[in-house]
Every structure is written in C-alpha cells, then in structure tokens.
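Colleague: Before I ask anything, let me first share the structure, which is written out below as structure tokens.
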Amino acid sequence: MSNSEQQIEQEIQDKDLNAPRLTSEHIESVIDGVVYFTAADGYRANPCYDPNSTPSSALPAPQSLELLTFCVITLKNGFTVTGESACASPENFDAEIGKKIAYDNAREKIWLLEGYLLKERLFQQEDATDTGIALTSTFEPPVPTVVNCGESSGSVGNAQSCSGNVSCGNHRTIELLLEILRGANVGGDVTDKARAKLSELVDNI
C-alpha cells in the first residue's frame with residue numbers, strides 16, 4: 001500500500017464511511033504474480049542483425065530501450081494489466097525506481113477494473129431488489145361476476161341485471177370491490193382503499 005493510499009484509507013475510516021468500497025487489501029488479494037522487464041530485454045529476445053558483418057552479429061539494444069521498464073501483473077483470474085516507466089535522462093535511471101513506478105501504474109488499472117466489478121454487483125443487487133418489490137406488490141384483481149346490463153330484473157346463471165338506483169358502471173365497481181375485500185392475499189393498503197370506495201358508492205345509492 002502506498003503512502004497516499006494509507007492516508008486516504010485512514011481518512012475514510014476517520015469519517016466512518018462504511019458503504020461498500022474497494023480497499024488496498026482487496027487490490028493486493030487479487031494479484032497472483034508480478035513480472036518486470038525492460039524494452040531492451042524484449043529487444044534482445046529478437047534483436048536486429050548487422051547485415052555488413054560476416055557472420056551476421058546482433059546489434060546492441062539502443063540505450064533508450066534500456067530506460068523503458070515494464071511491469072506485468074497477473075491477476076488470480078488470469079487477466080493481466082501492464083504499467084510502464086520511461087526515464088528521460090539516462091543519468092537518472094535507476095532500475096528499482098523504474099520498477100516501482102511501472103508497478104504503481106499497473107496497479108492503478110486494477111483499481112479501475114475492480115471498481116467497475118463492485119459497481120456492477122451493487123447495480124445488480126439494487127435491480128434485483130427493485131424487481132422483487134415490484135413483483136410482491138403487484139396485484140391482479142379477480143375477475144368480477146359477469147353483469148348483464150339489460151332491463152330484466154331477474155338473473156340467468158351467473159349473469160346479474162342492473163336495477164334500481166345502482167348504475168351499470170357502479171354495479172361492476174361494487175362487485176370488483178367486494179371481490180377484492182374477499183381476497184386473502186390482498187395487502188392492507190389495497191383493502192383500505194377498497195372499503196373507502198365501497199362506502200362512498202353505498203352512500204350515493
């Protein structure tokens with residue numbers, strides 16, 4: 001953990017910020033291996049040859065390639081991230097400093113990747129919670145008794161006629177409200193609203 005990461009972590013803890021977040025310990029936990037090499041190392045694996053020499057001899061690596069350091073971090077899932085460090089002045093080149101800078105640059109990419117994964121997990125959890133609420137709160141009212149709005153005052157089968165001071169529309173509404181109140185799986189808010197509406201219709205008859 002770098003000094004800046006330690007300072008930020010301490011500030012987060014001091015402010016008691018406890019929501020899900022990434023930590024340096026988590027970043028370290030997903031690292032499986034680290035490899036360093038310079039561009040010159042890569043050059044020497046496949047060098048250029050002097051066409052004028054007999055036999056052909058490999059040309060030395062350019063000094064600029066000696067100053068370019070790479071870090072490859074392999075994560076536990078097999079994914080790799082890279083970082084690099086270039087030195088402008090050869091006199092200032094230090095292999096250990098180059099490795100440290102390259103490592104820090106590669107490690108920063110892990111923060112981005114793990115940050116995305118954490119955000120995606122939180123999003124999926126929130127989406128699942130919202131969907132669950134919607135499913136449990138959805139109410140499909142029962143199908144009301146078929147109403148025959150003819151002038152007959154009798155009934156045939158399940159059909160009922162509208163008569164008296166109850167209009168056809170109100171008759172359907174009353175039947176629906178009664179079915180809702182008889183439902184065993186209806187929430188309290190729904191039944192309260194149904195009772196209030198039923199009382200209003202009855203008062204107007």
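Colleague: How far apart, in nm, are the 7 Å Cα→Cβ label points at Ser29 and Ser56?
Modeller: Going by the 7 Å Cα→Cβ label model, 5.2 nm.
Colleague: For Tyr43, tell me the accessible area in Å² from a 1.4 Å probe, rounded to the nearest 10.
Modeller: Surface accessible to solvent at Tyr43 totals approximately 30 Å².
Colleague: Nearest 0.05, what FRET efficiency do Phe37 and Phe123 give at R0 = 25 Å with Cβ-Cβ as r?
Modeller: Working from the Cβ atoms, E equals 0.05.
Colleague: In segment 1-56, carbon and sulfur make up what percent of the accessible area (probe 1.4 Å)?
Modeller: Solvent-exposed carbon and sulfur of segment 1-56 make up 51 percent of the total.
Colleague: Starting from the Cα of Glu84, step 7 Å toward the Cβ, then list every residue of segment 33-51 with an amide N under 20 Å from that point.
Modeller: Answer for segment 33-51: 34-48.
The values are calculated or read from the model by the stated rules, or taken from the named source; none is laboratory data. Just so you know, these numbers come straight off a predicted model, no measurement behind them. Virtual Cβ from ideal backbone geometry, glycine too; neighbours counted across all protein chains shown. When the accessible area is computed, the model is the full protein with side chains, heavy atoms only, and any ligands, DNA or RNA have been set aside. Shrake-Rupley method; radii C 1.70, N 1.55, O 1.52, S 1.80 Å.
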